[in-house]
Amino acid sequence: MEVRSENIQARCDKVPAQVIPRTRLQGWFVRVCSSILLWTCLVQLVAVGKLWHSHLFTGLTNRVSWVIRPPVHVEEAVQSPPPLLPATGGFIDQMKIVELYSALDQSHEAYLGRPVSSRLGLLDSLLLVTETRGNYESKGFLRVSCNGGLNQMRAAICDMVVVARLLNLTLIVPELDKTSFWADPSDFEDIFDVRHFIDSLRDEVKIVKRVPKRFSRKYGHEAFQMPPVSWSNEKYYLEQILPLFNKYKVVHFNRTDSRLANNGIPLDLQRLRCHVNFQGLKFTPEIETLGHKLVQILQRMGPFVALHLRYEMDMLAFSGCTHGCSQEEAEELKQLRYAFPWWREKEIVSEERRQQGLCPLTPEEAALILQALGFDNETQIYIASGEIYGGENRLASLKAAFPRIVSL
């Protein structure tokens, strides 16, 4: 009996020795799996973060290193005024920005000689200026209906992007004029690359394709409609227009021609204007392909002159210039001017306007100018304009002087 009990005891002693290694193995297995899972989640988060805010992290590190130790060539940079900040009830402390620019214009050795606290203060100012450019809280939605010809609408789009940026607004992709003299049914996306327009300006201004549903008429929301005052500066928009977005979240500018001053506005706004015009507004691939093909054909034909005769019916009607026109033609142009209620000037004395130098050259006068500039009758000329008012009869003198002329 004693022997059997010893055997039983011996077996019982062996059991824990087998359980302990298995328990440890399970523990290590759980730890390894947990570590792999955590690292996978971390990698995914980092990847998503880079997709969303890659420019934020790289831009931040670059700016920090640039401010702490600015490059030597900064001394040669052209001085410019402090950048305009979004309208958040006022501007950043301008004296601090001036101090920042003056510090960066000095040699980097002198800048590094500043106390650390001063350098950090200037760093905060620079980061605030640069990071708030396209990273602002929108105060409302700006809807715009452009009017005029393509050139006028293109300039208006540049102006409205600047206004949206100045007032911290979200710009709705502009609507193009379909009711003017030209009756062009094209939408914005038929002429310009919408995706490029939005993406290329993403760091400057918020742009969306349409007003959110919660602000649409379907939900009982009516946009406030108005034409801004022509040739207005940034003060007008900050003081007169911005308060409207506190009451109406959507404001609709139904006229956009020349609504922002050309001169006397901050350089930062002018730069954004240029950025929109030369980089933001890109024609659709179909239009660019056709344009490239036309340029190649023109180049193969040899030297030429593109003559933009501003002698279309709408130009003569709205300017009131009827020199050389018959009485019937002058009356027709006057009736066209009256047909558009938004055109303020109705009664215009043609000869007074002409003496002021505000009328386009007639085709006969254009021929005299070209001859005076030294162009001979072998010059290839392309009429780069719409239909000439008066047709072939009006172009007879110009074609007699320059037989190699091509018109629509």
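The values are calculated or read from the model by the stated rules, or taken from the named source; none is laboratory data. Values in this document were obtained by computation on a predicted structure and should not be read as measured data. Virtual Cβ from ideal backbone geometry, glycine too; neighbours counted across all protein chains shown. Calculation scope for accessible area: heavy atoms of the full protein, side chains included, ligands and nucleic acids excluded. Shrake-Rupley method; radii C 1.70, N 1.55, O 1.52, S 1.80 Å.
A few points about this structure:
- Accessible area of region 166-260 belonging to carbon and sulfur atoms, whole % at 1.4 Å probe: 49 percent
- Per-residue extension of 0.36 nm, minus the Cα-Cα distance of PHE318 and ALA372, leaves a gain of 16.5 nm for this segment.
- Think of a 1.4 Å ball rolled over the protein heavy atoms: region 278-408 then has 63 Å² of accessible area per residue.
- Cross-link pairs beyond the 21 Å C-alpha cut-off, checked among LYS218/LYS247; LYS218/LYS282; LYS178/LYS249; LYS178/LYS247; LYS178/LYS218; LYS139/LYS282: LYS218/LYS282; LYS178/LYS249; LYS178/LYS247; LYS178/LYS218; LYS139/LYS282
- Modelled spin-label separation between GLN26 and ASN135, with each label point placed 7 Å from Cα along the Cα-to-Cβ direction: 4.9 nm.
- Separation of the CYS33 and GLN279 label points, Cα + 7 Å toward Cβ, nm: 5.2 nm
- Region 208-367, dipole about Cα centre (Lys/Arg Cβ +1, Asp/Glu Cβ -1), debye to the nearest 20: 1420 debye
- Paramagnetic label reach from GLN225 (point 7 Å along Cα→Cβ; backbone nitrogen cut-off under 14 Å): within region 324-355, residues 342.
- D (Stokes-Einstein, µm²/s), Kirkwood Cα radius, region 250-316, 1.306 mPa s at 10 °C: 97 µm²/s
- Stretchable slack from GLU329 to LEU298, in nm (0.36 nm times residue separation minus alpha-carbon distance): 7.7 nm
- Share of carbon and sulfur in the accessible heavy-atom surface of region 276-377 [1.4 Å probe, %]: 58 percent
- Sorting 391-399, 293-301 by average packing, meaning the other beta carbons within 10 Å per residue, from highest down gives 391-399, 293-301.
- Placing a label point 7 Å from the Cα of PHE340 along the Cα-to-Cβ direction, the residues of region 137-156 whose backbone N falls under 14 Å of that point are 146-153.
- Inter-part distance where region 135-182 and region 221-281 are each reduced to a Cα centre, Å: 8 Å
- Gain in span if fully extended, LYS235 to ASP187, counting 0.36 nm per residue against the direct Cα distance: 14.1 nm
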